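The values are calculated or read from the model by the stated rules, or taken from the named source; none is laboratory data. Computed from a prediction, not measured in an experiment: that's the story for all the values here. Glycine gets a Cβ as well: all are built from the backbone with ideal geometry, and neighbour counts include every protein chain shown. Accessible surface areas use protein heavy atoms only, side chains included; no ligands, DNA or RNA. Shrake-Rupley method; radii C 1.70, N 1.55, O 1.52, S 1.80 Å.
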Amino acid sequence: MSIDLTQLAPRLAGKFVVFDGPDGSGKSSQHRRLTEALVAGGGGVVSCRDPGGTDIGERIRSVLLDHDLSRMAVNCETLLFMASRAQLVFEVIEPALREGKTVLCDRFVTATCAYQGAAGYDPQRVIEVARYAIGNTWPDLSIILDVDIEAGFERIGRKKHHAGKHRKKYAGQTSLFAGGDSVPDAMEARSLAYHRKVRELFRELPAYYPRPVVIIDSGQPEETVFAHVVECLARVFG
Ligand code: TMP
């Protein structure tokens, strides 16, 4: 089915859509494609990423992802992700929605449910903490791109056997990953078992997340996945 994006763009005005999923799920490519398509269709779009997306948020992102997290308590980790998000909502997302723009965000509370959930923080509590951090600014739709963990790692150019080995090697350094693109960040450096749990928790989200979540199989060519994304948006916002 081919859907006219010029018709979809106005229906997404003032809507907040999140792309999320395991590392290597292709969410950033889908996010970029949708941004380009909506802009070409005449829509006002604000694209952002979480953690980060503001000066303050990018500093928090660096604390979280450019350093060894092995000594950080999981509730500290959770609160730091939420703090970055609170700033993003305040500074970027709420103003854009008030102006009737479409907000597309790479990751959001869904990621904390999955990643910090896999590290032992109860996903239901993540939702409670999020209610404080983001108030009523929940996404109208969260699209989870589901991918086999090993296929995802291959996509981002990371060897399976790297999983879990970097943190120890780099422990104690202040900036772990300054040296190049292929070096994993603090989350990517966690074990395969951890990432499998992350995927499982992403797949469970529709059962309890307070707003709509759809899961799309992203183990297909980018073009096919994008067609599913567009179909899904047309269904939800049609
Ligand atoms: P990304 O740029 O690929 O989205 O990387 C961000 C990393 O941070 C990714 O491995 C997922 C992780 N993360 C969490 O652990 N918790 C969160 O709440 C978010 C937003 C990201």
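Working note: 222 nm ellipticity from helices only, DSSP H runs with n ≥ 4, each -39,500 (n - 2.57), summed and divided by the residues of the chain, gives -14500 deg cm²/dmol to the nearest 500.
Straight-line reach from residue 197: which aspartates and glutamates fall under 12 Å, measuring Cα to Cα and dropping same-chain residues less than 8 apart? Candidates past the 8-residue exclusion: 148.
Protein heavy-atom accessible surface, 1.4 Å probe, per residue over the chain: 46 Å². Magnitude of the charge dipole for region 11-236, about its Cα centre and with charges confined to Cβ atoms of Lys, Arg (+1) and Asp, Glu (-1), is about 380 debye. Of the DSSP H helices in the chain, none is both long (alpha-carbon extent of 30 Å or more along the helix axis) and hydrophobic (Kyte-Doolittle mean at least -1.0). Shape annotation for region 66-119: C-alpha extents along the principal axes are 42, 18, 18 Å, from largest to smallest.
A simple spin-label model places the labels of residue 155 and residue 13 3.3 nm from each other, with each point 7 Å out along Cα-to-Cβ.
For region 11-236, how big is the tail of P(r) above 28 Å, as a whole percent of Cα pairs? Considering region 11-236, 26 percent of its Cα-Cα pairs are separated by more than 28 Å. Normalised by the number of residues in the chain, the average gap of Cα pairs under 8 Å and 6 or more apart makes the relative contact order 31 percent.
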